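Since the structure comes first, as C-alpha cells, the remarks are kept for the end.
All of the numbers you see were taken from the coordinates with simple rules; none came from a lab. This one's a predicted model, so the numbers in the text were calculated from it and none came from an experiment. As a convention, Cβ positions derive from the backbone with ideal geometry for all residues, glycine included, and neighbour counts pool all protein chains shown.
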Amino acid sequence: MTNHKKETGVRLFALNSNPKLAEEIAEVVGVELSKVKIDRFADKEISVHIEESVRGDDVYLIQSTNEPSNEHLMELLIMIDALRRASAGSINVVMPYYGYARQDRKPGPREAITAKVVANMLENAGIDRIVTMELHAPQIQGFFDIPVDHLSATALLANHFLMNELGGDETVVVSPDHDGVKRAREMAELLDSPLAIIDRRLYESEKPNTYDLVGEVEGKTCILFDDILDTAKTVSKANQTLKKAGAKDVYVCVTHAVLSGKAMERLMQSGVKKVIITNTIKLAEKNNTELIEELSIAPILGDAIKRIATEVSIKPLFNKKYVEKLMHEAK
C-alpha cells in the first residue's frame, strides 16, 4: 500500500532570527526562500511587505524567538497577519526555539504563564500549524488547539557522540536537574550508557544552593545534557560536582544555546571539554570559539516540512538510524 501524497505549492519565508538556518532548510526542501521586506519606522515599529503572491500556497515561516525575543515575536505576528490577508492557503510556523517556554506553569501567586500567552498570540494571529524543536516542557503542546509537530534533536546529538566513539559503559549521561531526567534518559538509552542526576536545590534564603550527585561517574566521561544553555551558572556548578566525584572529562550538550551575559566566560573557565549545540539559535560571533561545536538541525526540519506538505508521517524523524541517514545525505 502506498502513502497518500498531496502535491502542493510550498513557500518558505525567513525573518530575522536565523537567516542562515532558513537558507539551509530551503536547500533541503529544494525551494528558494520567498522574498519579504522588513522595515522599521523612525520609532522602530515593524513594517512587513511580502514581495510575491502567496494566494492558495502552503507557507512555512521560519522564525525562532530568541534574543531580542520581543522583536522576533512581533516580527512573526505581523508577518502572519500579512500572510493571512494575502490569502495564503495555510500558514505554518517553523519555530526551532520557542521562547518564553520556561514559564510553562504558575509556580506562585500573581505570575503569568508566558508559554500559554505566546500560544494564544500565535493562534489568534491565524496560524494553522507550528513545527518546533525540544520544547522546555512537552506539555506546552497542549496549549495549542492546532497541530503541533514537536521534533527532537536528541538522536542527532547522540549520533555525534557515537561517531566520536563516546557511549557505552565508559560514558555517563548526566541531567543537571530533576526536570531534565526524562530527556537525559532518552540520550542515555541511545548511547547505551548509564544515567546520573544532579540533585540541584535552590534556596531563596541565605542558605547556599546545593548540587549533589546521584549516580557513579568516577573515571568516566560525562555528558551534561539539557535543552537550554542560558547563563551557564548551573552547568558550571554541575561540572564542579562531577569533577569532585572523579569524572574524567565533561562534555556539555544542549539543543538551544541561548548563551546570555557572561555564559561563554563561565564556560571557558569551567574546564569542560567541549560544548555541543545545535543551530536552533543563531550563534553570536563573540561566542563562536573552539570550545563550541555546532550541529545543524536543517536536515530534520527540512525533511519535516517535506513530509507535512505531502501528508507523510514524521515519525521516522525520531529514529536514530534515520537521522544518521539524513545527516549523511546532507553532507
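General remarks:
- Inter-centroid distance (Cα atoms) of the range 68-129 relative to the range 152-224, Å: 31 Å
- Folded to 0 to 90 degrees: helix 298-309 orientation relative to the chain principal axis, Cα: 40 degrees
- Sequence ranges 96-108, 283-295, ranked by mean other-Cβ count within 10 angstrom, highest first: 96-108, 283-295
- Against the main long axis of the alpha-carbon atoms of the chain, helix 19-29 sits at an angle near 70°.
- Residues K244 and I146, FRET efficiency given R0 of 51 Å [Cβ-Cβ distance, rounded to 0.05]: 0.60
- The mean sequence separation of alpha-carbon pairs under 8 Å and at least six residues apart, normalised by the residue count of the chain, gives a relative contact order of 16 percent.
- Per-pair calculated FRET efficiency, R0 = 51 Å: D199 and M74 via Cβ, rounded to 0.05: 0.80
- Beta bridges per DSSP with both ends in the range 154-295, % antiparallel, nearest 5: 20 percent
- Nitroxide proxy distance, nm - points 7 Å out along Cα→Cβ at K325 and E51: 3.8 nm
- Shape category assigned to the chain from the gyration tensor of Cα positions, a/c cut at 1.5: prolate
- Contact order relative to length of the range 38-192, as percent, for alpha carbon pairs under 8 angstrom and 6 or more apart: 17 percent
- FRET efficiency, 1/(1 + (r/R0)^6) with R0 25 Å, evaluated for T231 and Q139 via beta carbons: 0.55
- Difference of contour (0.36 nm per residue) and Cα-Cα distance, R110 to E123: 2.2 nm
- Across the range 230-241, rounded Karplus estimates of 3J(HN,Hα) from the backbone phi angles (6.51 cos²θ - 1.76 cosθ + 1.60, θ = phi - 60°) give 9, 8, 6, 5, 5, 4, 4, 5, 5, 4, 4, 4 Hz, Gly and Pro being marked x.
- Measuring max minus min along each principal axis, the C-alpha atoms of the range 1-133 give extents of 51, 51, 27 Å (largest first).
- Most simply put, the chain has about 20% antiparallel DSSP beta bridges, counting only bridges with both residues inside it.
- Peptide packing: for 109-118, 27-36, 188-197, the average count of neighbouring Cβ atoms within 10 Å per residue gives the ranking 188-197, 27-36, 109-118, highest mean first.
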